[in-house]
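The block underneath contains the structure these notes are about, expressed in structure tokens.
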Amino acid sequence: MITESMACGRIVFTTNSGDMANVIQDRVNGFLFPIDNPFNIANAIITVAKEQELQKTVSANAIESVRQDYTWPSVTEKYITVLSQLARS
């Protein structure tokens with residue numbers, strides 16, 4: 001759901017759990033936070049709500065990130081790479 005939201009230009013606020021650090025570049029295409037600090041998330045939401053230019057920039061970067069990294073050809077290439085490495089091991 002994160003990449004789908006990004007593709008729609010929605011600003012993502014998430015924790016750095018799982019693989020999120022490989023998807024979100026903090027303050028570039030979304031906002032990434034330690035899992036144990038909800039106050040940082042709240043402050044970032046307030047900041048983004050007040051700063052329209054930041055909203056526009058992060059939103060545009062989110063869309064572009066998805067277009068570059070999550071198209072069918074790029075995802076297929078990643079799968080081929082992983083499967084090739086598994087086949088060799």
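Computed from the coordinates by the stated procedures, all read-outs in this text should not be read as laboratory data. Worth saying up front: this structure is predicted, and the values here are computed from it rather than measured. Here the Cβ positions follow ideal geometry from the backbone for every residue, glycine too, while neighbour counts run over all protein chains shown.
On each of the three principal axes of the Cα atoms of the chain, give max minus min coordinate, whole Å, ordered largest first.
51, 28, 17
Using the count of nearby Cβ atoms within 10 Å as a rough guide to exposure, how do 1, 20, 6 rank from fewest to most?
1, 20, 6
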